[in-house]
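Visitor: Supplied in C-alpha cells, the structure appears directly below.
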Amino acid sequence: MKRSILILAIAAAWAGGYGYGRWYAKPAASEKKPLYWVDPMHPWYKSDKPGIAPDCGMKLVAVFPGDEARYERKANRLPEGSVQITPEKQQLIGVEYGTAEYENVSGSLRSVARVTLDETKVAKVNSKLEGWLDQVFVDSVGRKVQKGDPLVTIYSPEALATQQEYLLAIKGRAMMHDSPVHEMLGSTENLVAAAKKRLELWDIADAQIAAITASGQPIKSLTLYSPISGFVMERNAFAKQRIMPDTVLYNIADLSTVWVVADVFEYEASNVRIGQSAALTLAYLPGRTFRGRVSYILPTVDPATRTVKVRIEFPNTEFLLKPEMYGEVEFQTGGTRRLVVPQTAVLNSGDRQTVFVDRGNGYFEPRDVKIGAQNSGRTEILSGLKAGERIVISGNFLIDSESQLKTALGGPSK
C-alpha cells in the first residue's frame, strides 16, 4: 500500500514537472521578432526600430507577424486628399521639411500708407454777408497765412445799412444822454446794442467796429480775416466776384500735424491698438524716419482689399510730410510666444489656408489651418497644427496639385 502511494506521488510529481516545463518553455517557443514599429495614434507612420513618434511624441508599438493587417487597415484610413509620394519623386519636385514650433515673435508689422490732412485743423472760410469782393489779398493756392491775416474785403449794401443804423443809434444815445426822460435813454442804448450785435453776427471784427465808432463813418468794404494759421489748400475768391453766405472762399489747413492712413490686412489688425507707436519712411526722404502714434482704427473692412484703415497722427513742424504722399509704416507690436511655421509652408487661396503634414512613409495630409500675423518670413498658426508636427515648406504646391487631382478623380488616398 505504501509502495503504491509512493509510486503515485512520483508519477504526480513527474507529471507536474512536465506540465510546468511545458508552460515555462512556451514563451520561448512562441517568441516572435517584430516586423516594424508604428505610431499607435497615427499607424501610417512606420519605423524599423523602436522609439518615439515625431508627430505626437507617443512611444512606438511593435507589430508582430499576424498583426500587420490590423495596423494596415488603420493606416489606410487617411484624411481625404492625403497622398503618398515616393522618395524619388519628392527629390524630383524639391520637397523640403520644417517643423511647427513656438517662437518669441518680435512685434513688427509693415503696411503701405498715405499722408492726409488732419481734419480737425481744417477751416473753410466763407462770409456771412451777401455782396461783392473788392480786394483779394491772398490770391494763390499754397500761400501760408497766419491767424488774423486779411484775406479779402467785401462790399455789402446790407452791412453798410446796418453800420449807418449803428451810427444813428450812437448819435441818438448822445442826444438823449442829458435828457431827463431816462426811459428814452434806455431805448437808445438798446438800439445801439442791437445794431452792434448784428455787426458781430456777421463776423465783423471788434477792431472794425471800434474804427466805425471812432470815425463816425461806415466802412464801405469790410475785411475778412483768416481764422487759423496754415496753408491755402483751395481758393475760390476773385476780385469783383459776387458772393453769397454759402460761398466757400478759401480752404485753409494747418499742417503742423498730419494724419497718415495705413491699410492693415484684417488678419493683422488685432496687432494694432490705439496709442501704439509707429514709424513712417518715405521714398523721397531716404534714411529719414518720422515717429507717430495710432489715434484711431476705423470700424469697417474694405471689401475689395480686405484691409482695415488705421489712422496715425504725426507732428510736422518742418512741413516735410505733404498730403497725398505715399510711404511705409512700421508698427511696434511687442514680443509674444506664438506657434509659427515658415511662411512658404502655407498655401493661401484667400478663403482657405492649407499646410501639408508629413505622416511618414511618404504620406502627406492636407491640413486646414487658421493663420495670424506674418513677420520676417514666419506665419503665426492660430489653429490646425500642434508644436512638433513635421510639415512641408517647399514643393507643397505640386503636392497640393496631386492631392486635388486624386480627390477629383475619387481615387485612393495613397
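The values are calculated or read from the model by the stated rules, or taken from the named source; none is laboratory data. Predicted model only: the values in this text are computed from it and were never measured. Here the Cβ positions follow ideal geometry from the backbone for every residue, glycine too, while neighbour counts run over all protein chains shown. SASA here: full protein model, heavy atoms, side chains in, ligands and nucleic acids out. Shrake-Rupley method; radii C 1.70, N 1.55, O 1.52, S 1.80 Å.
Visitor: Within the stretch 78-96, is even one residue of a type outside the set (Gly, Ala, Ser) and modelled with pLDDT under 75?
Guide: Within the stretch 78-96, one or more residues are of a type outside the set (Gly, Ala, Ser) and modelled with pLDDT under 75.
Visitor: Hey, could you check the stretch 245-272 for residues that are β-branched (Val, Ile, Thr) and within 14 Å of LEU151 (Cα to Cα) and say which is surrounded by the most Cβ atoms within 10 Å (Cβ to Cβ)?
Guide: That would be ILE252.
Visitor: Tell me, yes or no, whether the stretch 333-340 has at least one residue that is assigned to a strand (DSSP E or B), open to solvent by less than 10 Å² (accessible area, probe 1.4 Å) and of a type outside the set (Asp, Glu).
Guide: yes
Visitor: Across the stretch 341-358, which residue is most open to solvent (accessible area, probe 1.4 Å) among those that are part of a strand (DSSP E or B) and touching a helix residue (DSSP H, G or I) at 6+ places or on another chain (Cβ under 9 Å)?
Guide: LEU347
Visitor: Then there's this: Which is open to solvent by less than 20 Å² (accessible area, probe 1.4 Å), modelled with pLDDT under 90 and not in a strand (DSSP E or B), of LEU168, LEU185, LEU199?
Guide: LEU199
Visitor: Modelled with pLDDT of 90 or more and of a type outside the set (D, E, K, R): is that true of ALA205 in this structure?
Guide: Spelling it out, it is not the case that ALA205 is modelled with pLDDT of 90 or more and of a type outside the set (D, E, K, R).
Visitor: Could you tell me which residue of the stretch 203-244 is surrounded by the most Cβ atoms within 10 Å (Cβ to Cβ), considering only residues that are small (Gly, Ala, Ser) and in a strand (DSSP E or B)?
Guide: The selected residue is GLY230.
Visitor: Given the conditions (1) closer than 30 Å to TYR284 by Cβ; (2) modelled with pLDDT of 90 or more; (3) touching a Pro at 6+ places or on another chain (Cβ under 8 Å), which single one is not true for GLY377?
Guide: (2)
Visitor: Quick one: which of ILE391, ILE399 is in a helix (DSSP H, G or I) and surrounded by 18 or more Cβ atoms within 10 Å (Cβ to Cβ)?
Guide: Among ILE391, ILE399, only ILE399 is in a helix (DSSP H, G or I) and surrounded by 18 or more Cβ atoms within 10 Å (Cβ to Cβ).
Visitor: While we're on this one: Can you tell me which of GLY292, GLY287 is more than 11 Å from the chain's Cα centre (by Cα) and assigned to a loop (DSSP other than H, G, I, E, B)?
Guide: GLY287
Visitor: Working only within the stretch 256-277, note down all residues that are at pLDDT 95 or above and touching a Gly at 6+ places or on another chain (Cβ under 7 Å).
Guide: Once the filter is applied, which keeps residues that are at pLDDT 95 or above and touching a Gly at 6+ places or on another chain (Cβ under 7 Å), the stretch 256-277 yields only VAL260.
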